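Chemist: Dropping a structure here in structure tokens format, bear with me for questions.
Just so it is clear, none of the values below were taken in a lab; they were calculated from the coordinates. Keep in mind it's a predicted model, so treat the numbers as computed, not measured. Cβ sites come from the backbone with ideal geometry, for glycine too, and all protein chains shown count toward neighbours.
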Amino acid sequence: MLGWQKFLQAREQALAAEGAPAKFAGSATVGLDHLGIPPAVDGDDLARLTAIVTRALADPAAFFARPQQPVFRRQGSMLNFDSPGGGNGQNGTARARIYQARRRERAIVLLPYWNAPRSAANPFGTLLARCGVTCVQLSLPYHDERRTPGVAFARELVCENLGLTIQANRQAVRDAGACVSWLEREGYARIGIVGVSIGASIASIVAAIDKRVASAALLLMADDFADVVWSGSATRLVRASLERRFTLEQVRAAWSIISPASHAGRLSERLERLLIVSGALDTVFVPALTSTYVERLRGLGLDPTWIRYGCGHYTLGLPFYAAPCFLRTLAHLRATL
């Protein structure tokens with residue numbers, strides 16, 4: 001067993017190192033402009049951002065609502081539509097790959113992990129479709145063709161700019177909701193959502209505020225967005241930048257609108273069943289944060305099915321863990337959709 005754990009830890013480090021050279025972080029900033037808000041007159045931008053976030057938490061559905069209905073354009077297995085708040089470049093167009101099942105009954109929106117290439121979800125989407133569940137895999141903001149030119153990773157989704165991080169995650173929630181709208185238009189009455197890592201964080205918000213989402217599976221999940229950044233091995237550069245200017249408590253308050261913890265109450269009211277998967281060796285979403293989230297839900301009356309594998313964040317993708325994880329997810333979707 002110790003030999004296997006050493007192998008997994010070495011594999012985790014090797015997989016994590018693959019994307020590390022591309023990552024960077026600039027100087028920490030509040031970033032009100034990314035939310036379409038002018039700077040504060042008194043210069044206290046952080047206080048203004050926190051006040052805006054506090055008001056948004058009173059009605060998160062309104063904060064995450066799209067300003068207009070999307071116009072969908074399908075070409076083969078690809079679905080495109082405009083993405084509000086994404087700017088005038090490539091990120092302003094959302095793209096999703098469709099894995100179509102033969103029967104239009106069950107369907108899910110799949111939100112991948114941070115910096116996942118579209119191809120990474122091919123096995124999951126293909127198997128789901130073969131098992132009778134249509135899968136619409138969204139490319140998250142700043143991923144795949146949506147990436148900022150000259151930047152080799154999707155830095156905007158988790159970065160040292162507080163407002164930009166909020167806007168990018170808000171955009172992801174809106175895009176996921178648009179995918180639900182497309183599935184609804186195509187005649188699917190039973191729609192769920194599956195998220196992985198940051199995709200699970202986003203999926204938990206979508207499931208909490210969108211009444212059309214009847215089922216959710218959160219694979220590699222944690223409680224508070226800021227705590228993940230502060231404790232995770234994948235976000236060390238972001239933390240190092242943020243803590244030069246802000247405290248953890250200030251970042252928690254600013255990012256509370258995009259934190260799963262803030263939406264746990266609404267999620268527990270909406271769903272009767274929930275699947276959560278975590279890894280005992282996870283250094284990105286550390287186990288203590290998953291435990292905190294599960295206990296938070298239990299305190300709110302939702303007792304999720306919590307599956308814990310002896311792997312890490314990256315090694316969940318190894319066949320030894322990926323196969324049972326897929327089967328548990330499929331069983332959950334069949335039972336709840």
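Chemist: Pick from 187, 85, 312: which residue has the top mean-square fluctuation in a GNM of the chain where Cα pairs under 10 Å get a spring?
Modeler: Greatest mean-square fluctuation among the candidates belongs to 187.
Chemist: Under the 0.36 nm per residue contour assumption, what length would be gained going from the current alpha-carbon distance of residue 9 and residue 318 to full extension? Don't skip to the answer; put the middle values down first.
Modeler: Numbers: separation 309, 0.36 × 309 = 111.24 nm, distance 1.27 nm.
This chain segment gains 110.0 nm when fully extended.
Chemist: While we're looking at this one, here's another question. Using alpha-carbon positions, what is the distance between the centroids of the range 244-281 and the range 160-227, in Å?
Modeler: Each part reduced to its Cα centre gives a spacing of 12 Å.
Chemist: Another question, then. Among DSSP beta bridges lying fully in the chain, give the percent that are antiparallel, nearest 5. Intermediate values should be presented prior to the final figure.
Modeler: Details: 12 of 38 bridges.
About 30 percent, rounded to the nearest 5.
Chemist: Still on this structure, please answer the following. On a C-alpha basis, how far is the centre of the range 290-308 from the centre of the range 17-43 in Å? Whole number, if you could?
Modeler: Cα centroid of the range 290-308 versus Cα centroid of the range 17-43: 32 Å apart.
Chemist: Still on this structure, please answer the following. What number, in percent, do you get for the relative contact order of the range 44-139 if the mean sequence gap of Cα pairs under 8 Å and at least 6 apart is divided by its residue count? List each step's numbers first, then the result.
Modeler: Values: 122 pairs, mean separation 22.7, N = 96.
Computed value for the range 44-139: 24 percent relative contact order.
Chemist: Would you mind calculating the gained length between residue 184 and residue 17 on full extension (0.36 nm times residue separation, minus the Cα-Cα distance), in nm to one decimal?
Modeler: 56.1 nm
Chemist: At 7 Å along the Cα-to-beta-carbon direction for both residue 33 and residue 74, put a label point, then send me their distance in nm to one decimal.
Modeler: It is 4.0 nm.
Chemist: For the range 96-190, what is the relative contact order in percent, using Cα pairs closer than 8 Å and at least 6 residues apart in sequence?
Modeler: So the answer I get is 33 percent.
Chemist: Right, next: Using the count of nearby Cβ atoms within 10 Å as a rough guide to exposure, how do 71, 194 rank from fewest to most? Let's see the in-between values first.
Modeler: On the way: 71 8, 194 27.
The order, fewest Cβ neighbours first, is 71, 194.
Chemist: On to the next question. Return a whole-number percent for the relative contact order of the chain, with Cα pairs under 8 Å and 6 or more residues apart as the contact set. Walk me through the numbers before you get to the answer.
Modeler: Values: 635 pairs, mean separation 59.8, N = 337.
Value for the chain: 18 percent.
Chemist: Out of (1) 23.9; (2) 20.0; (3) 21.9, which label holds the value of Kirkwood radius over Cα pairs in Å that was computed here?
Modeler: Of the labelled values, this structure produces (2).
Chemist: Give me 30, 109, 294 sorted ascending by neighbouring Cβ count inside 10 Å, so fewest comes first. Present the calculation step by step, with values, prior to reporting the outcome.
Modeler: Values: 30 25, 109 28, 294 21.
Least crowded to most crowded, the residues run 294, 30, 109.
Chemist: Assuming 0.36 nm per residue, please report the length gained on full extension of the stretch residue 131 to residue 295 beyond their Cα-Cα distance.
Modeler: 55.8 nm
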